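The structure appears right after this line, and notes come after that.
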Amino acid sequence: MINFRVSRKVLGSFYTVSRHMSVLATRLVYSEFGEPADVVKSVQEKLDSPKGHEVTVKILAAPINPADINTIQGKYPVKPPLPAVGGNECVGEIIELGSNVKDFSVGDRVIPFKTGIGTWCSHANYSTDALLRVPNDLGIAEACTLTVNPTTAYRMLKDFVLLKPGDTVLQNGANSAVGQAVFQMCKKWGFKSVGIVRNRPEIDDLRAFLKDLGADWVITEEEVRTTDLFKSGQAKKPKLALNCVGGKSALEMLRHVADGGVVVTYGGMSREPVTVPTGHLIFKDISFRGFWMTRWTRENIESPQRAEMFNDLVKFIQEGALQGPRAKIVPVRDFRDALANAMAFQGFIGQKFILDFTQL
């Protein structure tokens with residue numbers, strides 16, 4: 001692993017207990033929808049002992065994702081009942097077991113197995129069916145960001161087109177956290193990958209960074225229209241294109257997709273619609289699909305494919321084939337600054353802000 005891998009030493013010390021202690025949990029809660037820096041409050045509540053199939057988890061770290069921001073703003077399709085604890089991802093350590101818990105132990109490292117359980121807190125009682133055990137040797141940044149971005153990349157590469165080694169995958173927004181994971185998985189599976197990014201002063205540094213991850217070619221949005229990458233035969237026309245931008249970026253990408261190819265839209269950063277020329281439908285028979293990881297998770301919560309996916313991702317991380325996104329670790333006491341910066345950040349890569357709940 002390289003770049004911004006966070007060890008437990010960076011996050012400070014933590015403790016484990018085998019019987020109930022009085023735990024005062026710090027939670028980041030919102031009671032109304034609005035701008036996160038305005039509506040999210042830090043509250044402290046005494047945590048009861050876990051009951052039945054519950055375990056008490058000490059949260060080590062939890063990232064701030066765009067979907068978390070949108071949820072708090074009330075703009076996301078899923079609106080939790082209020083008041084709600086923010087966050088959907090984390091990594092934590094079990095410190096106490098309920099009376100009926102058989103398959104987990106104190107000291108186990110866990111991540112959420114279900115969505116919507118609220119993860120921006122120092123401690124919480126979760127049902128064991130909402131948790132997934134992960135190896136303790138995973139980096140904190142990799143573990144706490146495992147369930148959203150890498151899984152999205154994995155499913156899009158697996159579920160829409162039967163790709164073979166040497167086939168090409170094209171994506172825009174390629175410097176995003178999902179885009180970074182796509183490049184790494186393409187390299188792992190032997191697919192060629194082409195990434196489209198916005199031009200910027202640091203474009204050479206960005207190209208180098210993404211190619212180090214596994215990208216075969218990185219082109220700017222201005223270069224998409226004129227590139228001869230596909231006409232010259234340097235790269236096969238892509239059977240799969242991944243769109244997280246929409247608008248003009250998606251339209252320009254379409255001209256390079258192979259006949260019978262599939263375009264998967266999983267985001268809309270430009271807030272502009274995907275416009276499809278009629279000829280692409282009639283003469284090129286290009287298919288257009290959408291993907292939402294939350295829906296896939298709900299429909300496959302106990303499926304063998306989901307277990308296989310997590311086993312693969314953990315293995316990739318342990319092998320060094322998949323690294324987490326670049327991350328800035330922020331003590332939870334500075335959560336307002338982290339929320340504001342997560343919304344305003346305009347770096348050349350998809351940097352994550354991760355809340356460190358060991359520094360209260």
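The values are calculated or read from the model by the stated rules, or taken from the named source; none is laboratory data. None of these values were measured; they are calculated from a predicted model. We place every Cβ from the backbone using ideal geometry, glycine too, and count neighbours over all the protein chains shown. Surface accessibility is based on the protein's heavy atoms, side chains included, excluding ligands, DNA and RNA. Shrake-Rupley method; radii C 1.70, N 1.55, O 1.52, S 1.80 Å.
I'm checking my understanding of the structure. Among residues of segment 188-231 that are part of a helix (DSSP H, G or I), among the aliphatic types (A, V, I, L, M) and buried (at least 18 other Cβ atoms within 10 Å of the Cβ), which one is farthest from the chain's Cα centre (by Cα)?
Of everything passing the filter in segment 188-231, V224 is farthest from the chain's Cα centre (by Cα).
Identify all residues within segment 167-183 that are in contact (Cβ under 8 Å) with a residue 60 or more places away in the chain and either touching a Gly at 6+ places or on another chain (Cβ under 7 Å) or hydrophobic (A, V, I, L, M, F, W, C) (or both); write none if there are none.
V169, L170, Q171, G173, N175, S176, A177, V178, G179, Q180, A181, V182
Does I95 count as outside any helix (DSSP H, G or I) and without any contact (Cβ under 8 Å) to a residue 60 or more places away in the chain?
Criteria not met by I95.
Starting from segment 309-324, take each residue that is within 20 Å of N65 (Cβ to Cβ) and list its partners that are surrounded by 19 or more Cβ atoms within 10 Å (Cβ to Cβ) and of a type in the set (V, I, T), counting only C-beta distances under 6 angstrom and pairs at least six apart or across chains.
Filtered contacts from segment 309-324: G324/T145.
Looking only at segment 136-187, which residues are of a type in the set (V, I, T), open to solvent by less than 10 Å² (accessible area, probe 1.4 Å) and assigned to a loop (DSSP other than H, G, I, E, B)?
T145
Against the definition (part of a strand (DSSP E or B), within 25 Å of G34 (Cβ to Cβ) and of a type outside the set (D, E)), how does A67 come out, yes or no?
So A67 does not fit the description; no.
Among (1) over 22 Å from Y266 (Cα atoms); (2) within 18 Å of the chain's Cα centre (by Cα); (3) not hydroxyl-bearing (S, T, Y), there is one condition N136 misses while meeting the rest; what is its number?
Condition (2) is where N136 drops out.
Suppose we keep only residues that are touching a Leu at 6+ places or on another chain (Cβ under 7 Å) and surrounded by fewer than 22 Cβ atoms within 10 Å (Cβ to Cβ) within segment 41-80. Which one would you say is farthest from D103 (Cα to Cα)?
Among them, the one singled out is S42.
Go through segment 75-90 residue by residue and tally those that are among the β-branched types (V, I, T) and assigned to a loop (DSSP other than H, G, I, E, B).
1
Scan segment 119-135 for residues that are assigned to a loop (DSSP other than H, G, I, E, B) and under 21 Å from L47 (Cβ atoms) and report the count.
3
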